[in-house]
Amino acid sequence: MRIETLTSDQVERYLDLATSAAKLSAQNMANIDTPGYRAVGLDFESEMKTAISGAEAGGSAQPVHVRFEDGLVARPDGNNVSMDRESLNLAEAQLQFKTGVALLRQQYQLTMNAIHADK
C-alpha cells in the first residue's frame, strides 16, 4: 500500500532534485582532469518551482534542465572545474537531501499518528 499526499509528492521531487545536484557535482569532480571539460549544474530554485507546480497539477516528474556553469575560471587546458566549488555544491546537496528526508519522515509520522489515534 502506498500512502501519497501532495506534500509527500513535493518532497519526493525535492529529494530527486537534491540527488540530481549531487550527481552533477560528482560528475564535475570526476572530470576535473579532462581537458576542455566545462562544469555543469542546475538552478535548484527554478527546478523546484517547476517540480512543485507539476506536483500540484498532478503531472509526472519532468527531467532536470542541466546547464553549463558560466563565469568560472578556465585553466589553460580549457577545464573550468573547481574542486572547492564542487565540494561546496556537494555539501549543499547533501544538506538538502537530509532536510527532505526529515520532512518526509515527519509527513509519514503524522499519517501514522492519525492511523493510531484511536488506540
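Readers should treat all values here as calculations from the given coordinates under stated rules, not as data from a laboratory. Small disclaimer: the values here were computed from a predicted structure and weren't measured. For neighbour counting, all protein chains shown are included, and Cβ atoms are generated from backbone atoms with ideal geometry for every residue, glycine included.
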*With Cα atoms, 0 to 90° folded angle of helix 6-30 axis to the chain main axis*: 20
_What distance in nm separates the two pseudo spin-label positions at Thr99 and Thr7, each 7 Å out from Cα along the beta-carbon direction?_
1.7
*asked:* What is the angle, in °, between the Cα long axis of helix 44-56 and the longest principal axis of the Cα atoms in the chain? Nearest 10 is fine, range 0 to 90.
replied: 30
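Just subtract the alpha-carbon distance of Ala114 and Asp43 from 0.36 nm times their residue separation and send over the number in nm, one decimal. Mind showing how you got there, number by number?
Values: separation 71, 0.36 × 71 = 25.56 nm, distance 3.67 nm.
Here the segment from Ala114 to Asp43 would lengthen by 21.9 nm.
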*Nearest-ten-degree value, helix 83-115 long axis tilted from longest Cα axis of the chain*: 10
*Counting Lys and Arg as +1 and Asp and Glu as -1, what is the net charge of the other residues whose Cβ lies under 12 Å from the Cβ of Val81?*
-2
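To the nearest 20 debye, what is the magnitude of the charge dipole of the range 6-114 about its Cα centre, counting +1 on the Cβ of each Lys and Arg and -1 on the Cβ of each Asp and Glu?
On the way: 9 positive and 14 negative charges, 36 e Å.
It works out to roughly 180 debye.
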_So for the range 1-112, averaging the separation of alpha carbon pairs under 8 Å that are six or more residues apart and normalising by length, what relative contact order in percent results?_
40
*Label corresponding to volume of the Cα convex hull per residue in Å³ when calculated from the structure given, among (1) 123; (2) 111; (3) 153*: (2)
